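A.B. asks: Sharing a structure here in structure tokens format.
The values are calculated or read from the model by the stated rules, or taken from the named source; none is laboratory data. In this text the structure is predicted, and so the values were computed from the model without any measurement. Every residue, glycine as well, gets a Cβ built from its backbone with ideal geometry; the counts of neighbours run over all protein chains shown.
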Amino acid sequence: MKPESKPSYEHLNEYLKTEIEAIDILLNSASLEVILRKIFSLIVSLCPVNLFESVLSKECRTRFKLQRKLEREIISHPELDLEVEPKYLIKSLARIDLYDKKVLETKLQLVLLIKSFLAFLNLFDSEYRKAFFDFRWILQFLHCARRIPHTTNLKDILSLDYERSLSILCAKSLIKEFNHNGSIKTIEGGDLKIDRLDILEGILTNILDCTEPSILTCRDELDYFMMDDFFTVIGDLEEIISILKGPICEFEITSGLKEIAIRPQRSHIDSMIRKYILASTFKLKGDESVVLCMNKILVGFLLYGGVHLIIIFFFFNIRRYYLADCSEYSDLISVDHVLTRNCVKLVEEILNDGTHEGKWNLAQNIQFPQVLLSITDDDLIMVDEAYEESVHDHNHDLSLFLSAVKLKAKRKLYGSPKVQGEYSRIQWNLGLSWVKFWENCYVDNKGPLPSELRIFVDQFWKAASLKDVNQSKSDKNVVD
């Protein structure tokens with residue numbers, strides 16, 4: 001698509017809607033393969049699902065005509081059994097068309113186009129479990145098809161860009177299924193059960209394996225949109241993995257009464273925060289979902305624990321800057337998971353009460369407590385001390401999405417405490433790195449900071465430098 005001087009979300013939507021509307025025209029004049037290739041191009045461009053409403057809604061004539069064409073095509077190719085495992089299908093096709101590579105390549109391309117459309121149709125219909133298994137089938141199919149010797153005309157199948165997009169859609173389907181079903185441990189499909197942690201880590205690895213650094217160079221609006229989606233999905237994966245891999249801890253409710261909770265794994269939370277920061281700076285002008293990225297960054301701070309209030313205050317005000325131009329926030333926040341909504345509500349209650357508004361010096365010296373996720377009653381539990389993660393902590397594979405947020409002070413977390421001064425300095429430096437990372441990403445991906453943000457950033461660094469000066473004086477007094 002042709003780039004604009006100032007990329008905008010509205011312009012991208014207009015372009016994608018025009019491309020989708022062309023499907024209806026093609027139905028009356030083109031072959032099914034041409035139509036499916038058009039749809040496939042939109043699918044691997046990560047076109048928003050809701051934009052397909054005009055051609056894929058269940059009451060739409062376009063969908064009905066498309067499905068009829070597809071049924072006739074599948075009936076005419078009884079050898080294309082899309083219900084068997086990909087490796088068996090490919091073995092069967094390779095055996096039938098052993099001496100005609102062109103026919104084999106055509107059939108492999110057709111399988112990819114048909115199955116991708118069916119997977120996307122399930123995603124559109126909110127059949128997330130079916131969509132996940134279909135996209136997973138496609139990824140397995142791609143890997144098997146590439147092993148066929150002497151097949152050279154398989155551009156779609158060999159493309160790592162397409163595989164990355166299909167992996168992202170597979171991840172989206174699985175995450176939506178998890179969110180829909182709460183805290184189930186596995187997702188089932190027929191007789192197949194899949195462990196959440198294994199499959200999430202597998203998808204994340206596949207996405208990264210298909211990614212070259214060159215994709216960070218954006219030439220037009222679609223590139224920016226796809227980079228936003230890329231980092232958002234990785235952030236989503238990192239968040240869930242941090243909970244699934246988090247060590248199990250004991251905490252004391254009252255004297256002698258203990259309960260089990262989970263401490264999210266910090267390395268993945270740090271990665272989650274940075275991926276959402278990247279996603280927010282790739283957002284196109286007018287894309288109000290940038291507020292959802294800022295929400296997730298705030299969630300990351302709570303789950304990490306021990307983050308200085310001034311760091312949270314900084315990103316909270318960046319969120320407020322975007323929120324001022326957001327006309328449909330109530331609709332946006334409704335799609336957030338309950339954990340996100342409750343974490344953001346808690347941050348709002350703390351930062352909107354006027355206690356720390358604009359008081360940078362006070363906010364420097366206050367740290368959020370460590371957060372635990374209760375296994376038994378799905379509470380978000382805050383404890384007044386933070387502890388070092390140990391290599392001896394055992395991990396679990398339970399999924400946990402929280403239904404309520406409650407501030408519970410002075411809870412006891414078992415383990416070996418860090419020296420508070422050392423811990424505070426480590427957290428302070430990490431917080432500064434997050435702010436600097438956001439600033440650098442914004443300049444790299446959007447250009448110079450707007451004057452309002454520039455003033456705010458300068459205020460932050462002035463306050464941060466004062467804390468560093470005070471900290472140095474404090475350390476010197478200790479030594480003396």
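A.B. asks: From the list Val335, Val299, Val344, which one is in contact with a Cys (Cβ under 6 Å, 6 or more places away or on another chain) and either in a helix (DSSP H, G or I) or modelled with pLDDT under 85 (or both)? Walk me through how you get there before you give the answer.
C.D. replies: Values: Val335 fails: in contact with a Cys (Cβ under 6 Å, 6 or more places away or on another chain); Val344 fails: in contact with a Cys (Cβ under 6 Å, 6 or more places away or on another chain).
When all the criteria are applied, what remains is Val299.
A.B. asks: Please pick out the residue among Ile138, Ile148, Ile74 that is under 30 Å from Ile215 (Cα atoms) and assigned to a helix (DSSP H, G or I).
C.D. replies: Every option except Ile138 fails the conditions.
A.B. asks: Are any residues in the range 172-189 modelled with pLDDT of 55 or more and part of a loop (DSSP other than H, G, I, E, B), and if so, which ones?
C.D. replies: Of all residues in the range 172-189, those modelled with pLDDT of 55 or more come to 172-182.
The answer is Gly182, and nothing else.
A.B. asks: For the range 241-297: of the residues being touching a Pro at 6+ places or on another chain (Cβ under 8 Å) and hydrophobic (A, V, I, L, M, F, W, C), which is farthest from Val371 (Cα to Cα)? Working first, answer last.
C.D. replies: Keep residues of the range 241-297 that are touching a Pro at 6+ places or on another chain (Cβ under 8 Å), which gives 242-243, 246, 262-263, 265, 284-285.
Subset that is hydrophobic (A, V, I, L, M, F, W, C): 243, 262, 284.
Details: Ile243: 12, Ile262: 9, Leu284: 33 Å.
This residue is Leu284.
A.B. asks: What's the number of the condition Ser173 fails, among (1) within 21 Å of Tyr88 (Cα to Cα); (2) surrounded by 22 or more Cβ atoms within 10 Å (Cβ to Cβ)?
C.D. replies: (1)
Residue-wise test of (1) surrounded by fewer than 23 Cβ atoms within 10 Å (Cβ to Cβ); (2) modelled with pLDDT under 95.
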site: Ile207; (1), (2): yes, no
site: Glu212; (1), (2): yes, yes
site: Ile234; (1), (2): no, no
site: Ile243; (1), (2): no, yes
site: Pro247; (1), (2): yes, yes
site: Leu257; (1), (2): yes, yes
site: Arg263; (1), (2): no, yes
site: Arg266; (1), (2): yes, yes
site: Ile310; (1), (2): no, yes
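A.B. asks: Within the range 73-97, take every residue that is surrounded by fewer than 14 Cβ atoms within 10 Å (Cβ to Cβ), among the charged types (D, E, K, R) and in contact (Cβ under 8 Å) with a residue 12 or more places away in the chain and give me the one that is nearest to Trp137 (Cα to Cα).
C.D. replies: Residue satisfying both the conditions and the ranking: Glu85.
A.B. asks: Let me ask something additional. Taking the range 77-130 as the region of interest, how many residues are in a helix (DSSP H, G or I) and touching a Lys or Arg at 6+ places or on another chain (Cβ under 7 Å)?
C.D. replies: Within the range 77-130, the subset in a helix (DSSP H, G or I) is 86-96, 101-124, 128-130.
Restricting the remaining residues to those that are touching a Lys or Arg at 6+ places or on another chain (Cβ under 7 Å) gives 93, 113, 122, 128.
Of the residues in the range 77-130, 4 are in a helix (DSSP H, G or I) and touching a Lys or Arg at 6+ places or on another chain (Cβ under 7 Å).
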